[in-house]
1. Any residue at all in the stretch 55-74 that's touching a strand residue (DSSP E or B) at 6+ places or on another chain (Cβ under 6 Å), surrounded by fewer than 18 Cβ atoms within 10 Å (Cβ to Cβ) and more than 30 Å from Y167 (Cα to Cα)?
2. Quick check on N130: is it surrounded by fewer than 12 Cβ atoms within 10 Å (Cβ to Cβ), over 17 Å from the mean Cα position of the chain (by Cα) and under 30 Å from N83 (Cβ atoms)?
3. Among the residues of the stretch 98-118, is there at least one that is under 30 Å from A47 (Cα atoms), surrounded by 12 or more Cβ atoms within 10 Å (Cβ to Cβ) and among the aliphatic types (A, V, I, L, M)?
4. Does I50 qualify as being of a type in the set (A, V, I, L, M), in contact (Cβ under 8 Å) with a residue 60 or more places away in the chain and either under 23 Å from E151 (Cα atoms) or in contact with a strand residue (DSSP E or B) (Cβ under 7 Å, 6 or more places away or on another chain) (or both)?
5. For the stretch 34-84, enumerate the residues that are hydroxyl-bearing (S, T, Y) and within 23 Å of the chain's Cα centre (by Cα).
6. Write out, first by first residue and then by second, each pair whose Cβ atoms fall under 7 Å of each other, whose residues are 6+ apart or on separate chains, and whose first residue, in the stretch 112-124, is outside any loop (DSSP other than H, G, I, E, B) while the second is among the hydrophobic types (A, V, I, L, M, F, W, C) and at pLDDT below 90.
7. Of all residues in the stretch 54-74, which are more than 19 Å from Q150 (Cβ to Cβ) and either among the aromatic types (F, W, Y) or at pLDDT 90 or above (or both)?
Amino acid sequence: MAVVQIETIGTNVYAPKDAADINLYAFNGAYDLTLAQLVMAVCIRQAALIERGCVTKMNEINASANWLSALSLVGEQIMQKSNLDAVVDLSRTGYSPKKVPMRTSIRSFLVQELGQAASSLPDNIRTHDNKSKAFALLKNAMNQAATNNQEQMIELQSYISRRDSTYNTSASAIKKLGTSMNVTAGNF
């Protein structure tokens, strides 16, 4: 790590009697950065960490939206088909199934992907009541996924707000630092 070098310029007329010399910091050893550049680098690093959090959160929101899309597709298939063994192609949803193949039956999706007990499923989905029963199993997962998606959106907005605040704070700090250094230099 580079050494921080300090340049002492003496005590100005406004300093209290017997005060220590005023130090103007020149960070020539830290990759030839001035104090303003060093403060900006720290602020930008913090903003970059927050930015990475934003990207991660956006990816989570995307995955959640894909899960909702898969649930919707299966729900649509329940309403259109008469058999729980009808094949559903999840490839058009963007969702990557964890426990079933991309082309799977409605029954397999409900049992393996959603974790529903096979005994809770109707034998067929020919009647309106049976379709409603099968769809009700999906509805809870859809509600949970939608709530989760909304929470993630709020977290993303918080990340973006923090990132913007970090950039604004760094710009303000640099401006104040420059003004302070100019005032100090002007007092000599």
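The values are calculated or read from the model by the stated rules, or taken from the named source; none is laboratory data. Quick caveat, the model's predicted, so the values are computed rather than measured. Cβ coordinates were reconstructed from backbone atoms using ideal geometry, including for glycine residues, and neighbour counts include every protein chain displayed.
1. Taking the stretch 55-74 first, the residues touching a strand residue (DSSP E or B) at 6+ places or on another chain (Cβ under 6 Å) are 74.
If we keep only those that are surrounded by fewer than 18 Cβ atoms within 10 Å (Cβ to Cβ) too, we end up with none.
Scanning the stretch 55-74 turns up no residue that is touching a strand residue (DSSP E or B) at 6+ places or on another chain (Cβ under 6 Å), surrounded by fewer than 18 Cβ atoms within 10 Å (Cβ to Cβ) and more than 30 Å from Y167 (Cα to Cα).
2. Numbers: surrounded by fewer than 12 Cβ atoms within 10 Å (Cβ to Cβ): no; over 17 Å from the mean Cα position of the chain (by Cα): yes; under 30 Å from N83 (Cβ atoms): yes.
It is false that N130 is surrounded by fewer than 12 Cβ atoms within 10 Å (Cβ to Cβ), over 17 Å from the mean Cα position of the chain (by Cα) and under 30 Å from N83 (Cβ atoms).
3. Step one: filter the stretch 98-118 for residues under 30 Å from A47 (Cα atoms), giving none.
No, there is no match, as no residue in the stretch 98-118 is under 30 Å from A47 (Cα atoms), surrounded by 12 or more Cβ atoms within 10 Å (Cβ to Cβ) and among the aliphatic types (A, V, I, L, M).
4. Criteria met by I50.
5. Once the filter is applied, which keeps residues that are hydroxyl-bearing (S, T, Y) and within 23 Å of the chain's Cα centre (by Cα), the stretch 34-84 yields T56, S64, S69.
6. S120/L137
7. Residues satisfying the conditions are L73, V74.
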